[in-house]
């Protein structure tokens, strides 16, 4: 019965996702919004065709592990150092500004101080998926605009990793100090151990058997999940372990091949993750959260371009480039959804505050995509003049 239920659930999810994804592409919407909407429609608060979302949520958690593993693989130390010199202050000041905005709005609507802080943290980041997907390939790889967008997103990813690390140690009372100290000791040990293991064991094995692509695929998955489980055992999160696993391989020649090989697997699990986000969205709370969500979405859409424009001009970027980067980063992030998910699981925020973050993310995903596709070069523009692959 469990197997039939899981197969039927997968049928509904992936067939429905294919249909809604087609509609989303025709209407120039982000695909992840289609997955979230599908979850809300089919889940327990919609038509209840899929009621047991706990199992799907557990399975989809693997997608987040792979996502952070791939982020680690892309985090080349040389690129990171270059962008640290260029855009660190922009990333830090923009994060502080939007955390303050989220905090003020959260407090204004009666959320607790912790909930308001988490709402503010969720506003700090821009969407890597939307930011990268809406950049033409030539801009992404060969132009300064692409370098700035990718660099800022990379720096935001680093901040997000630190936030996730903090959320993972978010216990109360004396346990918090113990957990934090355990984390402080465990983190450098895992980082150092992973670098040694990769250099002296993993890379020699890959180099010896690099003709067998299946072997490389298996080793990459084993390394990712193995370090994720090790991190979980010593009190860190599986996500942090996966990220360390990726970074430890980032400088090796095989890193990009592994990243390309694992992307379809990551996408499979991420569809389940975004579906489970939608399925857990309690539509009965919509009346309570729609006003703060709309206010936050409007503030993000209006103020992010202005803030990035001001900060980028302060480091001598041109006015037009500063505006373009600001509009391309004018939404909150899929990391915001992950932060809401983890903060709820750690009992740091309530269901209502979590739903505010989710609704704000969906609104900014939709509206910022429209702003970009109608005004800047991108692969899915309606206008032939702006369409660039």
So residue 373, is it surrounded by 24 or more Cβ atoms within 10 Å (Cβ to Cβ) and either in contact (Cβ under 8 Å) with a residue 40 or more places away in the chain or out of contact with any helix residue (DSSP H, G or I) (no Cβ under 8 Å at 6 or more places or on another chain) (or both):
no
Number of the condition not met by residue 229 [criteria: (1) in a helix (DSSP H, G or I); (2) closer than 22 Å to residue 160 by Cβ; (3) touching a residue at least 24 places away in the same chain (Cβ under 8 Å)]
(3)
Pick out the one residue from 270, 227 that is in contact with a helix residue (DSSP H, G or I) (Cβ under 6 Å, 6 or more places away or on another chain) and at pLDDT 85 or above.
227
How many residues of the range 258-296 are more than 14 Å from residue 61 (Cα to Cα) and either in a helix (DSSP H, G or I) or touching a strand residue (DSSP E or B) at 6+ places or on another chain (Cβ under 7 Å) (or both)? The answer is 23
Of all residues in the range 197-221, how many are exposed (fewer than 12 other Cβ atoms within 10 Å of the Cβ) and either touching a residue at least 24 places away in the same chain (Cβ under 8 Å) or part of a helix (DSSP H, G or I) (or both)?
8
Members of the range 134-146 found to be surrounded by 17 or more Cβ atoms within 10 Å (Cβ to Cβ) and modelled with pLDDT under 75, listed by number
139, 140
With the structure loaded, tell me whether residue 49 is surrounded by fewer than 21 Cβ atoms within 10 Å (Cβ to Cβ), modelled with pLDDT of 85 or more and over 19 Å from residue 359 (Cβ atoms) or whether it fails that test.
yes
Given (1) more than 21 Å from the chain's Cα centre (by Cα); (2) over 26 Å from residue 371 (Cα atoms), residue 266 misses just (1)
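Kindly evaluate residue 151 against the criterion of being surrounded by 13 or more Cβ atoms within 10 Å (Cβ to Cβ), modelled with pLDDT under 90 and not in a helix (DSSP H, G or I). I'd like the intermediate steps shown before the answer.
Working: surrounded by 13 or more Cβ atoms within 10 Å (Cβ to Cβ): yes; modelled with pLDDT under 90: yes; not in a helix (DSSP H, G or I): no.
Judged against the criteria, residue 151 is not a match.
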Note on the range 329-362: residues more than 16 Å from the chain's Cα centre (by Cα), over 21 Å from residue 65 (Cα atoms) and not in a loop (DSSP other than H, G, I, E, B) are 351, 352, 353, 355, 356
Exactly one of (1) in contact with a helix residue (DSSP H, G or I) (Cβ under 7 Å, 6 or more places away or on another chain); (2) touching a residue at least 60 places away in the same chain (Cβ under 8 Å) is unmet by residue 25. Its number?
(1)
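Return the residues of the range 338-352 that are buried (at least 24 other Cβ atoms within 10 Å of the Cβ) and closer than 25 Å to residue 29 by Cα; say none if nothing qualifies. Steps first, please.
Of all residues in the range 338-352, those buried (at least 24 other Cβ atoms within 10 Å of the Cβ) come to 339-340, 343, 349.
The answer is 339, 340.
Could you list all residues from the range 119-130 that are assigned to a helix (DSSP H, G or I) and either touching a residue at least 40 places away in the same chain (Cβ under 8 Å) or more than 21 Å from the chain's Cα centre (by Cα) (or both)?
Taking the range 119-130 first, the residues assigned to a helix (DSSP H, G or I) are 119-122, 128-130.
Correct list: 119, 121, 122, 128, 129, 130.
Rundown of residues vs (1) out of contact with any strand residue (DSSP E or B) (no Cβ under 6 Å at 6 or more places or on another chain); (2) modelled with pLDDT under 90; (3) under 24 Å from residue 124 (Cα atoms); (4) surrounded by fewer than 21 Cβ atoms within 10 Å (Cβ to Cβ), yes/no style:
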| position | (1), (2), (3), (4) |
| --- | --- |
| 6 | yes, yes, no, yes |
| 11 | yes, no, no, yes |
| 22 | yes, no, no, yes |
| 25 | yes, yes, no, yes |
| 45 | yes, yes, no, yes |
| 67 | yes, yes, yes, no |
| 76 | yes, yes, yes, yes |
| 82 | yes, yes, yes, yes |
| 87 | yes, yes, yes, no |
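How about the range 104-118: which of its residues are under 21 Å from the mean Cα position of the chain (by Cα) and either modelled with pLDDT of 95 or more or surrounded by fewer than 23 Cβ atoms within 10 Å (Cβ to Cβ) (or both)? Quick ask: steps written out before the conclusion?
Our first condition is that a residue be under 21 Å from the mean Cα position of the chain (by Cα); within the range 104-118, this holds for 115-118.
Hits for the range 104-118 are 116, 117.
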From the options 325, 300, residue that is over 14 Å from residue 362 (Cβ atoms) and in a helix (DSSP H, G or I)
325
Condition check for residue 321: surrounded by fewer than 17 Cβ atoms within 10 Å (Cβ to Cβ) and at negative phi:
yes
Can you pull out every residue in the range 326-359 that is closer than 19 Å to residue 151 by Cβ and at pLDDT below 90?
333, 334, 335
Could we say that residue 312 is in a helix (DSSP H, G or I), more than 22 Å from the chain's Cα centre (by Cα), buried (at least 22 other Cβ atoms within 10 Å of the Cβ) and modelled with pLDDT of 85 or more here?
yes
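The values are calculated or read from the model by the stated rules, or taken from the named source; none is laboratory data. Note that the coordinates shown come from a computational prediction; the quantities given were computed from them, not determined experimentally. No Cβ is skipped: glycine too gets one built from the backbone with ideal geometry, and neighbour counts run over all protein chains shown.
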